[in-house]
Amino acid sequence: MDPHTDDLPLMANTSHMLVKHYALDLDVCFESQIITGNIVLFLQPNTSCEKDNTGNAQPSQPGEDRAQESCVSHSSKTLSQSNIKDSILYAIGERATSEKYSHRGNRKQTSGITSSEPCCHRGDDGSRDFVLVLDCCDLSVLKVEEVDVSGLPEKCMRSTLPSCQSEQQLTHGHPNSDELVALPESRWKEQLFYYMQCSQAPGCGELHFLTDTWSLQISKPGVTLSTDFPSAIRIRYKTTADGRSVKWTKDQRGRPCVYTFGSPINNRALFPCQEPPVAMSTWNATVRTASNCIVLMSGENVASPNHYAEGICSWFYYVTMPMPASTFTIAVGSWTEVRDSPSTSLESCHLAGIMPLNMEEKRPTEDECRHLEYPCRYRSFEAYSQTCIPHRVFAPDILVNQCKQLLIPILPQCLEAAYSVLGTHPFSRLDILIVPSNFSSLGMASPHIIYLSQSVLSGRNQLCTSRVCHEIAHAWFGLAIGARDWTEEWISEGFATHLEDVFFAKVLKLSEEESKEHQDLKALLRWRRLNDELSNSQEELQILRHNLSVDGIYQIWLDPPGMPQPLLEESQTWTGNGLVQQVKQEVSKWIRLNQRNRRGGTGRKRQRSEEFVEKIVPDQLVLLLDLLLEEKTLCAKTLQCLKKTYTLQEQDAEVRHRWCELVIKHKYTPSYKDVEAFLLQDQAMGVYLYGELMVNEDARQQELAHRCFAAVRDQMDVSCVKVVGEMLF
């Protein structure tokens, strides 16, 4: 796929069939860098699909629904029935009991992956077999079979139900597959038990399948309608070492780890799935890996390791809130849980805050939720009163102290600030993981888990607080609520960026005037950045969206390229901000000092000539360095004084990035080591600097760029490797 010309192809035919639940059973092997396992898909025909003139649903073929969707390890082992029962009882019981305490263009070519017979068969009457199309790439599909959920004995189903289930529920017997996906929210626990038991049911016949570059196509000979297609299928598969949905790498201690990272192809190289954001499903997963590793995942329960075999532990997670498959997240590594005090542990304050979803005691409200039916926290009175959800922080042990100093103290405040603005938290708990240094952004939010770059753990805690606030905001905007397709992803980012400042002001307990000054300063920095991007982007890429209905608004803000006129006008007011004026005064002092340094003079005269305000906030320092970057020449003495005055090498990553730009622009060789350290340790922000090092056509700078790239390229994000490679070669 050419990222400059091709969009991510959405192949899944979701208008004909929907996956309602995924049951994953996975083995993670670091030696082979492969994830092996089974996934059972519980399917339901989409009743909204088009019908022919006879009233029957029409069979679909690969790619038919793309236009519609754009609108809207050690050897594998199977858990025994008793092991499944124990793990599920433990996990669900954990939620049910611990919550009561007070304390997120197909290319038509073969991929070389093993496949069975062709999927599509045209009979004498011209009919075709129905084809289930799933988004899939970089996977080796070994087997696809129908699952015989009807053959599971009722007594087996009954035996797995927890004792707390009422006799009335038990008398219903076990449902068939259609009834299973339609169970009401009050029976979520029973539904999850059934899903787990059904996922272990035996196969009842292999299905035909075919893989191409972007899809897995499955059919059953003789089945021409989606309504007659098997309601549950099992796919046996394994990932490939170079799969683009998972990152096999090493943590900051050099220990192996793996994580999904929201790549341009989402999770289709982790498991076959339906990728369009409108395809909502629940899931459960059992993950087995080395016993010295911790498995973190998108899950409503807080999992703990269960012994599986010598040196192997299993972890079980589940989600009852329907979510897009792209939000599924997993990270496995030798992480350390960071605790703010010895008494803070998994069993105390963090977990004690999980509230039960008592659907009988609903929160008083006039309006009912209008989303898909599931055990909704918004209707739970106890969740409504929960100002701070239980949370944990995981990191490589080398970063534990930084987490204790910068992250642990502000995390509860950020969660409470979000609650004070938006109300009930969409998710019942939150894990934060400090990911390896090669992570390509400052943060990424998923249900129940947030990734943070180590770059936020530097300087003062402003960058850390801002980024945590931003990612927490995505729980509401981007996860609980999301765009219909990925062309509108900027809307979620816009809300999160706005709320980042709102939460930040509450965390710092700023007055209304201080909050306004801070937000204006941030707005000015973003406006300057946007201006730079517009000056270097094609006009057609500056249009956010076409043909919306409210012409008066959208013609101004979304349809035309360039900076919207109201924003241009408002930007003039930001320059009068008190914080901005203070920065401008400081910049004038530095320009005067630079002029004297260029003319020469005694150190004593220079020291007496200017007195700089050293204690300015990081955002002010970013703006100060931004404005100094506009100066044609800054001499070495000025740069030396600048670095010493603000201790720039100890500031946060946003500030240090600007400092590196100054060093590169003015070829300040004494601080090339600062640039090198940034490129190695702050990879989430360093890509732009490679281009700056090459543009100057300075041999020493270019050698620095090549040396740093050689040191990190094997672990760097593949998209970053491509971008930097184009700059250097």
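Read the figures in this text as sums done on the coordinates, not as results from a lab. Since the structure is predicted, the reported quantities are computational estimates derived from the model, not experimental observations. Cβ sites come from the backbone with ideal geometry, for glycine too, and all protein chains shown count toward neighbours.
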Using the structure shown, list the pairs from Lys250/Lys665; Lys615/Lys673; Lys143/Lys220 with a Cα-Cα distance above 21 Å, or answer none. Lys250/Lys665; Lys615/Lys673
Show me the chymotrypsin sites (Phe, Trp or Tyr not before Pro) within segment 242-292 that DSSP assigns to loop and that have at most 12 other Cβ atoms within 10 Å of their Cβ. none
Specify the inter-centroid distance of segment 489-537 and segment 33-47, based on alpha-carbon positions, in whole Å. 40
Listed here are the pairs Lys522/Lys722; Lys247/Lys722; Lys509/Lys644; Lys516/Lys644; which of them are more than 19 Å apart at the Cα? Lys522/Lys722; Lys509/Lys644; Lys516/Lys644
